[in-house]
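Contents: one structure, followed by commentary.
The values are calculated or read from the model by the stated rules, or taken from the named source; none is laboratory data. All figures in this text were calculated on a predicted structure; none of them were measured in a lab. Please note: Cβ atoms are built from the backbone with ideal geometry, for glycine as well, and neighbour counts cover all protein chains shown. Surface accessibility is based on the protein's heavy atoms, side chains included, excluding ligands, DNA and RNA. Shrake-Rupley method; radii C 1.70, N 1.55, O 1.52, S 1.80 Å.
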Amino acid sequence: MALEVRSCRDDDELVRAHYAIGQYFGAPIDEARMERVHQLLELDRLHAAFDGGEIVGGAGAFTYDLTVPGGSLPCAGVTLVGVYPTHRRRGVLRAMMDAQLADVHERAEPIAALWASEETIYGRFGYGLSSWSGEATIPRVWSAFAQPLERRGQARFVSAEEAAAAFPPVWDALRRERPGVISRTEAWWRLRQLRIPDEEQANPRRFVALDLDGSTQAYAIYRTSLSFDAGVSTSALDVQEAVGATPQATAEIWRFLLDVDWMETITARLLPLDHPLFLLLATPRRTRFRVGDALWTRLVDVGAALSGRQYAGDGAVVLDVRDAVCPWNEGRWRLEGGEAVRTDAEPDLALDVSSLGSAYLGAVSFDQLLAAGRVEELRDGAVRRADALFGWRPLPWCPEIF
Ligand SMILES: CC(C)(COP(=O)(O)OP(=O)(O)OC[C@H]1O[C@@H](n2cnc3c(N)ncnc32)[C@H](O)[C@@H]1OP(=O)(O)O)[C@@H](O)C(=O)NCCC(=O)NCCS
């Protein structure tokens, strides 16, 4: 197989590279979809793998900023990764990952992030599991709060146009607070959160703004599905996104969602482990919370990435980093005073860049990595020192799969 990987140059290549992931779900993209892809993804950010003249794989990256502990950094949001089933396990993905990471490095984006379809794929390319999230299904009869909530705001339904103005400031408040949140353009909102897809026309998503003290401080996007069993409603409310800018607004938007009549259950996905809902509820056990891996993070430029976040404590740590895919990261880094610089000093910890990616957003501790054999402690107490630096609250939250 004569394999070549390069960026797409025209719409024909885009359609074929996009159809790599389309082989696993969905139809070939039509014109309307292509128009949407164009508005969200620059053509040259979609890499295609060619076997002769045939495109047999695709790998894309969105351009956005990702909130990191205490800051925000340019990030490649890796997406649309697929290899045609006719060409699997012949190194097509590896060739695309190599080309994409080189491109991300050239663009001076210090980090890349993705949602993995399978946990076994991306560690070898330096991505580390860096956050957890889960799904809660709350029976409405068990949705009481533990403490009385004084409701001060008012919920109202809004159109997609109104939501386009009212929701982004609330999202941006979340961005300032939580690692793992991505920046959204106007087109991102319009095409991903606020567009009613064809299959939803009969029962579209609803947009709710919660106004409090003169401004929209929380919002929710949700759908309902109606069903009855022996005359008793078994209907479900599916929360697509619920965000509040303040604790009061968050509590009130959740109270709204939990109180919609006729619903038997309220389901929300991608919730972080420290979401306020769990302590708002009187009976969190009833949510039957199910946890899985969420965002995976790759430090493409270790120095810039480490210097681009803040740290909880003082102190210093010397890391000996292995990186087989991005060799420019290899070697010893001294982290002190929020800056990472090259050093010849004796290392405290030795680890693969994927493990550093796991620790980066503050959700996975070096202590956990040590217990799992993912980091070597070369000096006593180094793991504890590193955890004092890297640990961060609140935990990362990426409320959206991209
Ligand atoms: C996952 C996928 C892209 C892999 O493509 P591929 O071209 O077959 O992968 P490669 O041949 O380049 O494999 C590179 C390495 O990853 C391993 N690998 C690839 N896919 C894997 C998987 N699903 N699970 C475990 N290991 C996998 C290979 O064994 C190989 O290992 P090695 O480096 O030790 O030799 C392809 O199977 C696919 O399109 N799957 C369905 C869509 C999908 O899941 N996309 C990812 C979206 S996040």
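Can you give me the solvent accessible area of ILE401 with a 1.4 Å probe, rounded to the nearest 10 Å²?
Near enough 100 Å² of accessible area.
Going toward the positive end of the dipole of the chain, with +1 on Lys and Arg Cβ and -1 on Asp and Glu Cβ, which of LEU114, PRO197, VAL141 do you reach last?
Value: VAL141.
Over the range 1-66, calculate the relative contact order: mean separation of alpha carbon pairs under 8 Å at least 6 apart, over the residue count, as a percent.
Rounded, it is 44 percent for the range 1-66.
Can you give the calculated 222 nm mean residue ellipticity of the chain, where each DSSP H run of n ≥ 4 adds -39,500 (n - 2.57) and the sum is split over every residue, rounded to the nearest 500 deg cm²/dmol?
-7500 deg cm²/dmol
Kirkwood hydrodynamic radius, computed over distinct alpha-carbon pairs, for the range 292-386: how many Å, to one decimal?
13.3 Å
Would you report the distance distribution of C-alpha pairs in the range 128-254 as whole percents per 10 angstrom bin, up to the bin with the largest distance?
The distribution over the range 128-254 is 11, 37, 37, 14, 2, given as percents.
At 1.4 Å probe size, with no ligands or nucleic acids counted, give the accessible surface of SER117 in Å², nearest ten.
Ignoring ligands and nucleic acids, SER117 comes out at about 100 Å².
Can you list the GluC sites (Glu not before Pro) in the range 315-373 that are in a DSSP coil and have 16 or fewer other beta carbons within 10 angstrom?
Filter output for the range 315-373: GLU330.
By the scheme Lys and Arg +1, Asp and Glu -1, what is the net charge of all other residues having a beta-carbon under 13 Å from that of ASP323?
-1
If you keep only loop residues by DSSP, which GluC sites (Glu not before Pro) in the range 1-102 have at most 16 other Cβ atoms within 10 Å of their Cβ?
GLU42
So what is the relative contact order for the range 276-402, in percent, with contacts set as C-alpha pairs under 8 Å and at least six apart?
Dividing the mean separation by the residue count of the range 276-402 yields 24 percent.
Mean separation of Cα pairs under 8 Å and 6+ residues apart, divided by the residue count of the chain: what relative contact order is that in percent?
Across the chain, relative contact order equals 19 percent.
I need the fraction of alpha carbon pairs in the chain separated by more than 38 Å, rounded to a whole percent.
26 percent
Among the trypsin sites (Lys or Arg not before Pro) within the range 276-377, which fall in a DSSP loop and have no more than 14 other Cβ atoms within 10 Å of their own Cβ?
Answer in residue order: ARG288.
Indicate the gyration tensor shape class of the range 1-88 (rounded, prolate or oblate), computed on the Cα atoms with a ≥ b ≥ c the square roots of the eigenvalues: a/c under 1.5 is rounded; otherwise a/b larger than b/c is prolate and the rest oblate.
Taking the square roots of the gyration eigenvalues as a ≥ b ≥ c, the range 1-88 is prolate.
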